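Participant: Handing you a structure now.
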Amino acid sequence: MKEIVVAVIGNPNVGKSTLFNELTGAKQYIGNWPGVTVEKKEGEKIFGGYKIRFVDLPGTYGLGASSIDERIARDYIIFEKPDVVVDIVDASNLDRNLYLALELIETGTRVVIALNMMDIAESKGISIDVDALSRELGVPIVPTVATKGEGVEELCSIIVQVAEGKISYRPLKVKYPDTIEEAIMEISGLLSRITEDINTRWLAIKLLMQDKEVIRYLEDMENGKKIVSVARNYVEKIRSELGEDPLFIIAEARYGKISEILQRTVSRVYVEAVDISDLFDRVLTHRFLGLPIFFAILWSVFLFTFNVAAPIVDGIDLLFGWMGEVIGSWDINPPLKSFLVDGVISGFGSVLVFVPNIFFLFLAMSILEDVGYMSRAAFNLDRIMRKFGLHGKSIISMILGFGCNILAIMSARTIESEEDRLTTVLVNPLIPCSARLPVLIMIASIFFGRYAPLALFSMYVLGIFLALFMAILIKKIILRGVVSPFVMELPPYRLPSTKTITIHMWNRGSKFLRKAGIIIFSATIIIWALATFPHGAEFGGPDSYIGMLGRFIEPILRPLGYNWQIAVALFFGFIAKEVFIDALGVIMGGDYEAKLGAMLSPAQAYGLMVFVLVYVPCLATLATIKSETGSWRWTIFVLLYELILAFILAFVFTQLVGVII
Amino acid sequence: MPVLRLDELGDGESAEIIGYDDRTPPNLKMRFVSMGLTRGVVVEMVRRSVLGDPIEFRVRGYFVSLRKSEARYIKVRKLGGAK
């Protein structure tokens, strides 16, 4: 079957993921863009005898490439040359959205516009003459309502027609002032001698806009340097003749063209008296109410994650307990039975029990994101975050960190300045992720009974506090630098469809399941094997291999009051934090909770919670830090500072709590 | 009509962008341009965040937030009839 590759692009918050989900269904392949860990989402649809492969590009306002996200989107379109580019445009905000469309058209790629959110545009009293708009821009336009799945079939059929060359393109050419057109002609003439596969008019315009990336790209080419300097001369010439930077003149010409087109194709039937989003924001971003509401929202997410999931967690727990008893009564060969009962059920099972908590946490976060609250959080907290050397958007990364540090670290890529982004990344592992949650819950519920939620909550407070504290240190001592801009859209609040939220949650939650499946299961087998051998040693006893390893590590942790079983569990927790429970379950058996309860004093247990909170990022997080910072030094830095901090804090807290109790 | 900086607008006041300060960093210029903050466009100051910073504006039919330190680079001409 013939394949059509379609890139899906658009401004942030135009319903891109919703439309993408509608186009491809839940069958999505999530990977990474080469070289960076920015998530790359792909999906397929069989349509009209073709396999249409959709590639989801990061949301962007233009092809200026000022953040990693934008660069990825641009490079894909320019260098990978997809067969068709679908630009998703918010019909209720054409003015700004069409800027990207014009830039895309200028690159010479085959653009199809999906005019999304038609329903919202209509409700706002905006009436669009789609055919006229399509004629003006010279590209096909399909009206869609992604939340209801409207227009998806039509969009696919247009994509196929475009790929088959059945639709002729007369793409709009924005006419710039003569001085600039002259420069474009000259430069693109020179460019056509050295490059064949990139649209030279677009490249020339980018040179005149002094795009750093484009300049660097050309300087690496033979004869490219000369063209760059020719362009530089033109920039000076334009500046002196027109009294302005070509950057503005070009941008203004584009916006001018857009308003000209909109005047002919769009009419406002009526203008709304109040903007509903604005109404919400009067409260949610209020100067005094904004912050208390933010904390209230976080607290409810926390309650939601625990209380709502609690009955399901109990159910799974009972199920595993019952399975353990059933298999325990079977008459099968003892090593196999031990593997099933001690390894799979009490080890692996003890981790799976927490899957509902994790899914509920991801659900709550998907809702916050899809509704549009995250940017409000950034708006509310930017000033405060800056005091700690962070950026307003760092708060988004920190909140996501409660779910998964990997995800959170990747989300920092929307922060433009390298220093701010790095700081955000480096402190993120201190935010307790959902994998640490089960460990913390387990210890808290064994030792603190009625006060367990309080003990748990104190870990979250401590984690946030430490992250802020480290951020100040890093910013003050190591990464003193430029402040990055905070030019951020506050998108309209939306009621996302259940489908969008479910897929969003599933994409993330299933990652955890896969991790549980592969990493944790293999860890279980290894731990079980180490606990079983050598022959003759008591299972999980001090003379088994795992016991030897534990006794080897124990002296380091002795000041904190941990015995060798805890030491070895912490050791394996480095693979993934949940494995800590897994390891205890294997070594001590199904009643590990009671046994652990006898091993530590409450003060030491609290210290252990602090230790687990801080001690090391999991392997996958470390790998992400490595790829996001591109540096081993930063990666090792995180590992070391966390270890040292964990020792000191666990010790201090053990003493402190000991005095209090 | 007096020329002001964008961060000097009061709640609900509108102004037309007339240009950028010469000292505007290039990456910020790029950003402004792609977000539609170009000359001739009318900007309305909507609200300030906690501690008065950042500031939310309405421009081209959507909402955008800028820090005071960034809004300062944008020169505007205040329009009458606000509030």
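Participant: Solvent-accessible area per residue for chain B at a 1.4 Å probe radius, Å²?
Facilitator: 40
Participant: Count, for each residue of B:43-55, the Cβ atoms from other chains sitting within 10 Å of its Cβ, then give me the mean as a whole number.
Facilitator: Whole-number average of other-chain Cβ neighbours for B:43-55 is 5.
Participant: To continue, here is another question. Set the Förster distance to 35 Å, then compute FRET efficiency between A:MET548 and A:ILE472 from the Cβ-Cβ distance, nearest 0.05.
Facilitator: E between A:MET548 and A:ILE472, to the nearest 0.05, is 0.25.
Participant: With everything on Cα atoms, drop me the angle between helix A:545-557 and the longest principal axis of chain A, reported from 0 to 90° to the nearest 10.
Facilitator: Helix A:545-557 and the main axis of chain A meet at about 80 degrees.
Participant: First check a/c for segment A:178-268, with a ≥ b ≥ c the square roots of the eigenvalues of its C-alpha gyration tensor; if it is under 1.5, answer rounded, and if not, answer prolate when a/b is larger than b/c or oblate otherwise.
Facilitator: prolate
Participant: Can you tell me which lysines have their Cα less than 22 Å from the Cα of A:LYS212? Leave out same-chain residues fewer than eight positions away.
Facilitator: Filter leaves A:LYS81, A:LYS225, A:LYS226, A:LYS237, B:LYS29.
Participant: Once you average over the residues of A:98-108, how many Cβ atoms of partner chains fall within 10 Å of each Cβ?
Facilitator: 1
Participant: Would you compute, from DSSP H runs of 4+ residues alone, the mean residue ellipticity of the protein assembly as shown at 222 nm, taking -39500 (n - 2.57) per run and dividing by the full residue count, rounded to the nearest 500?
Facilitator: -17000 deg cm²/dmol
Participant: Any chance you could give the angle, 0 to 90 degrees and rounded to 10, that helix A:602-614 forms with the longest Cα principal axis of chain A?
Facilitator: 30
Participant: Same structure, new question: Between A:LEU262 and A:PHE295, what's the calculated FRET efficiency when r is the beta-carbon distance and R0 is 41 Å? Round to 0.05.
Facilitator: Efficiency computed from Cβ-Cβ geometry: 0.45.
Participant: Right, something else. For the pair B:ASP22/A:THR195, report the inter-label distance in nm, with labels modelled 7 Å from Cα in the Cβ direction.
Facilitator: Roughly 3.3 nm, to one decimal.
Participant: Which translational diffusion coefficient, to the nearest whole µm²/s, is obtained for chain A from the Stokes-Einstein equation, given a Kirkwood hydrodynamic radius over C-alpha pairs, 10 °C and 1.306 mPa s?
Facilitator: 57
Participant: Could you name the lysines whose alpha carbon sits less than 16 Å from that of A:LYS511, not counting residues in the same chain fewer than 8 places away?
Facilitator: Reachable lysines: A:LYS27, A:LYS40, A:LYS41, A:LYS577.
Participant: Can you put A:TYR217, A:TYR99, A:TYR169 in order of accessible area, largest first, using a 1.4 Å probe?
Facilitator: A:TYR217, A:TYR169, A:TYR99
Participant: Something else: So, in nm, how far is label A:ILE167 from label A:ILE312 when the simple model puts each one 7 Å beyond its Cα toward the Cβ?
Facilitator: Those two pseudo-labels are separated by 4.1 nm.
Participant: What are the radius of gyration and Dmax of segment A:186-234, computed over its Cα atoms and given in Å?
Facilitator: 9.2, 25
Participant: Okay, moving on. Taking trypsin sites (Lys or Arg not before Pro) that fall in a DSSP loop and have at most 15 other Cβ atoms within 10 Å as cut points, what is the longest piece of chain A between them?
Facilitator: A:288-479
Participant: With each pseudo-label sitting 7 Å past Cα toward Cβ, what's the A:HIS535-A:LEU454 distance in nm, one decimal?
Facilitator: If labels sit at A:HIS535 and A:LEU454, their model points lie 5.5 nm apart.
Participant: Let me ask something else. Given axes a ≥ b ≥ c from the Cα gyration tensor, I'd like to know whether segment A:2-164 is rounded (a/c under 1.5), prolate (a/b larger than b/c) or oblate.
Facilitator: rounded
Participant: Counting DSSP beta bridges in chain A, what percent are antiparallel, to the nearest 5?
Facilitator: So the antiparallel bridges amount to about 45 percent of the total.
Participant: Run down the aspartates and glutamates and flag those whose C-alpha is under 13 Å from the C-alpha of A:LYS475, throwing out any fewer than 8 positions away in its chain.
Facilitator: Excluding near neighbours in sequence, the set is A:GLU418, A:GLU419, A:ASP420.
Participant: Another one. From the square roots a ≥ b ≥ c of the eigenvalues of the alpha-carbon gyration tensor of segment B:3-78, which class results: rounded (a/c under 1.5), prolate (a/b over b/c), or oblate?
Facilitator: rounded
Participant: Rank these residues by their accessible area, most exposed first, probe 1.4 Å: B:ASP11, A:ASP281.
Facilitator: B:ASP11, A:ASP281
Participant: Using a Förster radius of 51 Å, what is the FRET efficiency between A:PHE651 and A:LEU495 based on their Cβ-Cβ separation? Nearest 0.05, please.
Facilitator: 0.55
Participant: Mind pulling the angle between the C-alpha long axis of helix A:498-515 and the longest principal axis of chain A? Nearest 10 degrees, somewhere in 0 to 90.
Facilitator: On a 0 to 90 degree scale, this one is about 50.
The values are calculated or read from the model by the stated rules, or taken from the named source; none is laboratory data. On a predicted model such as this, the values are computed, not experimentally measured, just so you know. Every residue, glycine among them, receives a Cβ derived from its backbone with ideal geometry; neighbour counts consider all protein chains shown. Please note that ligands, DNA and RNA were not included when accessible areas were found on the heavy atoms of the full protein model with its side chains. Shrake-Rupley method; radii C 1.70, N 1.55, O 1.52, S 1.80 Å.
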